[in-house]
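The values are calculated or read from the model by the stated rules, or taken from the named source; none is laboratory data. If you're wondering where the values come from, they're calculated on a predicted model, not measured in any experiment. So basically every Cβ, Gly included, is an ideal-geometry build from the backbone, and we count neighbours across all protein chains shown. Note: accessible area is taken over every heavy atom of the protein model, side chains too, but ligands, DNA and RNA are not part of it. Shrake-Rupley method; radii C 1.70, N 1.55, O 1.52, S 1.80 Å.
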Amino acid sequence: MNLLFVTPPMGNWAPWGERHLAVNPLYAQVAAFIREKRAADVAVLDCRALALDDEQMIDAIEERRPDVVFFGAMIAAAGGAAHLNLFHAAMKLIKRFRLQTMTIGGGLMYTAVPQKIMTENPQLDFAIVGVFGDNEYPLWELLEELKKPAPNFAGIRGLAWRKGGEIVLNPARPVISDLDELPMPAYDLFPMDRYYGYSVIPNYNEAVTSRGCEGACHFCYEWWLVDPRNPRDFSSHRTRGGRAVAAEMELLNKNYGVKALTFMDDDFNSDRQKMVDLVEALEEKKLDVSWFCLSRAQNLIRDADLIPRLRKVGLYQVLIGIDGGTDEEIAEARKGNMKVGVKELRELIQFLRKNDISTISTYLNGFWEDDEAKVRQRAKAVDEIDPDIVMIQLLNPIPGSPIYKKAVKESLIEIDNLSLYDLEHCVMPTKYLSRQELGELTGWAFQNFYSKPGRIDRILNGYSSPYVKMKFLSFKNNAAKYEKGASEDAVAI
């Protein structure tokens, strides 16, 4: 049996420019597992990296003659659910030329609303309902059934499938508790020399080392990776050990020449022992790789003793969610016993800066109670916290999340086009602001933050890593397109 993981022709998320290309970590992880189990001959077709159009994609698929094609993603920051329309268009095209080829969707959105997606897309044969990318075992079992003359899909937990005119959702599957049991991602299947970061960084790539997040914030975009039947799985954080992560970094650096690596985990540093083991292993390996990760503030504060050592082994920048404009708003969003407010965030960022580690901060506008005063207060708080780079996202009500349930119940959502569910577009108003007003205020907040004297000069000249300056200039060059998307309904992906 031949299994092909496909990334169809598509563009980039607006803030990252026209040329931001990286390995799809869902494909790399699942393909490695399927290959290890010898369930299928696996291959990857990354049309975006190879610059293939639809016709060339079909030619490449015809040449490979797959029995099964898999589409999916697990990285929300790569464009959110906007990919799905492109996945489904590609599936439809494939079915036109190869009707017998089975189509499977997995990852974000397929996990949250599989029946809805399959109802709207008859070209989709199966959907994997695997929490935070836990697609390995249901896909393995599905492939084994497809080899049989009379397959029985009813016993595969975590699968949605078609039975005549009915869409059947099988019982939920428990999460994979030990990620270290999984093989090293199958980077050898990808065109590794084609990947490029933020339109300006060569020798770039991305990786994911954990699944789940202890926060499980009610507004988080990661709800589209959670089976709504088991919402507590969101906060079941599981991670590979620090030494396994260091081994993956060594593989990427020495075998594929990766020198700039982004860890796209939502909660990379949740586990203290992982970080201790990681820094010790990297001190031993002495790799030529600089890396960036997404972190929770309370965990960085907890690991303050490791920060100088982490910088020496390549950590040059971290992303921290701010989650509000007042201590009360931040406290409402955060989970855990540690108090983290405006003062603590400001002190953390100053401490990181003293250790030559740059900071990106994100926050959301678009909550139901948002008015102009609240949006401006958030901007004021972020100015006081003083990160190097700020990225303001617009609240998208993610299927399965508490916010989505309220928005649907009260008919608040004005946009149902998945192409605009990319965290850049405003898809619903607030109680006091129209979508356009919210987008315009968000554009103002961007401009206000970067207009502060000395802030841009600090980014350009204040850090030893060249990647800080390179990423900022790329983001700055794309800011106009980003702001346009915030106030208009132009498709970015």
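Quick notes
- Taken over segment 423-467, the criterion of being over 25 Å from Ser358 (Cα atoms) and either polar (S, T, N, Q) or not in a helix (DSSP H, G or I) (or both) is satisfied by His425, Cys426, Val427, Met428, Pro429, Thr430, Lys431, Tyr432, Leu433, Ser434, Gln436.
- Hey, Gly325 in contact with a Ser or Thr (Cβ under 8 Å, 6 or more places away or on another chain) and under 27 Å from Ile459 (Cβ atoms) or not: no
- Selection within segment 1-29 - open to solvent by less than 10 Å² (accessible area, probe 1.4 Å) and more than 30 Å from Val200 (Cβ to Cβ): Leu3, Leu4
- Filtered residue count, segment 281-308, keeping only those that are at pLDDT 95 or above, open to solvent by 20 Å² or more (accessible area, probe 1.4 Å) and either farther than 18 Å from Phe263 by Cα or in a loop (DSSP other than H, G, I, E, B) (or both): 11
- Residue count for segment 110-156, restricted to those that are within 23 Å of Arg98 (Cα to Cα) and of a type in the set (A, V, I, L, M, F, W, C): 13.
- Taken residue by residue, segment 43-50 has at least one member that is out of contact with any Leu (no Cβ under 9 Å at 6 or more places or on another chain), surrounded by fewer than 17 Cβ atoms within 10 Å (Cβ to Cβ) and either farther than 17 Å from Trp224 by Cα or of a type in the set (Gly, Ala, Ser) (or both).
- Criterion violated by Lys339 - all others in (1) open to solvent by less than 40 Å² (accessible area, probe 1.4 Å); (2) over 29 Å from Asn24 (Cβ atoms); (3) not in a helix (DSSP H, G or I) satisfied: (1)
- Within the set Lys471, Lys452, Lys409, Lys405, the sole residue that is touching a residue at least 24 places away in the same chain (Cβ under 8 Å) and more than 24 Å from Ile201 (Cα to Cα) turns out to be Lys452.
- Reported count of residues in segment 174-207, each being closer than 20 Å to Arg240 by Cβ, of a type outside the set (Gly, Ala, Ser) and assigned to a loop (DSSP other than H, G, I, E, B), is 9.
- Residues that are closer than 14 Å to Phe219 by Cα and among the basic types (Lys, Arg), drawn from segment 393-439: Lys405, Lys406
- Restricting attention to segment 153-173, the residues that are outside any loop (DSSP other than H, G, I, E, B), open to solvent by less than 30 Å² (accessible area, probe 1.4 Å) and closer than 17 Å to Leu225 by Cα add up to 2.
- Residue within segment 206-214 that is out of contact with any helix residue (DSSP H, G or I) (no Cβ under 8 Å at 6 or more places or on another chain) and not hydroxyl-bearing (Ser, Thr, Tyr) present: no
- Yes/no for Gly241 being small (Gly, Ala, Ser) and free of Cβ contacts under 8 Å to residues at least 60 places away in the same chain: no
Quick grid of which residues meet (1) among the aliphatic types (A, V, I, L, M); (2) part of a strand (DSSP E or B); (3) under 30 Å from Asn365 (Cβ atoms):
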| site | (1), (2), (3) |
| --- | --- |
| Gly215 | no, no, yes |
| Glu222 | no, no, yes |
| Arg243 | no, no, no |
| Lys254 | no, no, no |
| Thr262 | no, yes, yes |
| Phe268 | no, no, yes |
| Lys274 | no, no, no |
